[in-house]
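The values are calculated or read from the model by the stated rules, or taken from the named source; none is laboratory data. Note that this is a predicted model, so its numbers are computed, not measured. As a convention, Cβ positions derive from the backbone with ideal geometry for all residues, glycine included, and neighbour counts pool all protein chains shown.
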Amino acid sequence: HLEIVNSCSTDAFIGTLKRFIARRGKPSDIYSDNGTNFVGANNELRKILKDLFNKESTGKIEDFIASEGIVWHFNPPVTPHFGGLWEAGVISLKSHLKRVVGNTVLTHEEFSTLVTQVEAVLNSRPLCNLSSDPNDDFVLTPAHFLVGSSLTALPDPDLTEVPNNRLNRWQLVQRLSQIFWKKWSTDYLNRLQSRVKWRKGEKIFKENKIVLVKNEDNSKTLNWNLAKIINVHAGKDNVIRVITVKTNKGIYQRLNKIIKLPFYD
């Protein structure tokens, strides 16, 4: 979930949190770094809860926080590595978004549209098989936790190679969104691929599992190239040499462009 804020103040974060709750529901836990705006927001939320209960005893307030409120988890100061994967995800998002937008001047509405489309890109990434049924070709994505289904994008012509001076304002936003998709998805697949370690005697790919296929043509936004493993072929040394996969375009034998999903058992 991405939100645009005008400042990093406590009040701005409280407003952001209220918008998040209105759209996504109230979270039970929040994990964040030790920024002063987050700490201040936590203190302010406790004050609000006390006012709601007409300043009754602290015990009742703490019981309410434990049963229905929000538990705030702060990383120790100056330890960004405590955030692990979500900190890395934030860094990757900011890095690509800054490079894509660059010196382009956008209105608040245009930037809000771009950020929302970027959010859809992040939430479209495949995580794992949706079920253990070998006949089930669907994958679980972050969007399933938010809206209950996978996300799709409206079809648009590829504008990534069109100069800005030939585009209207709406097309400019679409161009930036498409460039972000290409750059971020390529970087994401490269990072997933780097996790794979080839070990002798270890069958790291399994039949009937869904995998990603690294394709040079990733012009269609939110369109991840998926395949199902039909057969795994190992050599005499028990090292996997070839994998037979089925895609929506047919059956192929390949290995170097096959990428395991993040949560692959």
If I filter region 118-156 down to residues being assigned to a strand (DSSP E or B) and at pLDDT below 90, which single residue comes out as surrounded by the fewest Cβ atoms within 10 Å (Cβ to Cβ)? Cys128
Please enumerate the residues belonging to region 231-265 that are more than 27 Å from the chain's Cα centre (by Cα), in a loop (DSSP other than H, G, I, E, B) and surrounded by 12 or more Cβ atoms within 10 Å (Cβ to Cβ). Val239
Residues that are surrounded by fewer than 17 Cβ atoms within 10 Å (Cβ to Cβ) and assigned to a helix (DSSP H, G or I), drawn from region 168-178: Arg169, Trp170, Gln171
Give the residue, chosen from Ser112, Ser95, that is within 17 Å of the chain's Cα centre (by Cα) and either modelled with pLDDT under 70 or of a type in the set (Ser, Thr, Tyr) (or both). Ser95
Is it fair to say Val105 is modelled with pLDDT under 90 and either over 28 Å from Asn43 (Cβ atoms) or not in a strand (DSSP E or B) (or both)? no
Could you check region 6-34 and list, in sequence order, the residues that are among the β-branched types (Val, Ile, Thr) and either surrounded by fewer than 13 Cβ atoms within 10 Å (Cβ to Cβ) or within 18 Å of the chain's Cα centre (by Cα) (or both)? Ile21, Ile30
Across region 179-198, what is the number of residues that are surrounded by 11 or more Cβ atoms within 10 Å (Cβ to Cβ) and either of a type outside the set (A, V, I, L, M) or touching a helix residue (DSSP H, G or I) at 6+ places or on another chain (Cβ under 7 Å) (or both)? 13
His96 - would you say it is surrounded by 13 or more Cβ atoms within 10 Å (Cβ to Cβ) and over 18 Å from Ile4 (Cα atoms)? no
Of the residues Glu202, Glu207, which is acidic (Asp, Glu), in contact with a strand residue (DSSP E or B) (Cβ under 7 Å, 6 or more places away or on another chain), surrounded by fewer than 19 Cβ atoms within 10 Å (Cβ to Cβ) and modelled with pLDDT under 90? Glu207
What are the residue pairs meeting all of these: first residue in region 11-29, first residue farther than 17 Å from His73 by Cβ and assigned to a helix (DSSP H, G or I), second residue of a type in the set (S, T, N, Q) and at pLDDT 85 or above, Cβ atoms under 8 Å, and 6 or more apart or on different chains? Ala12/Asn6
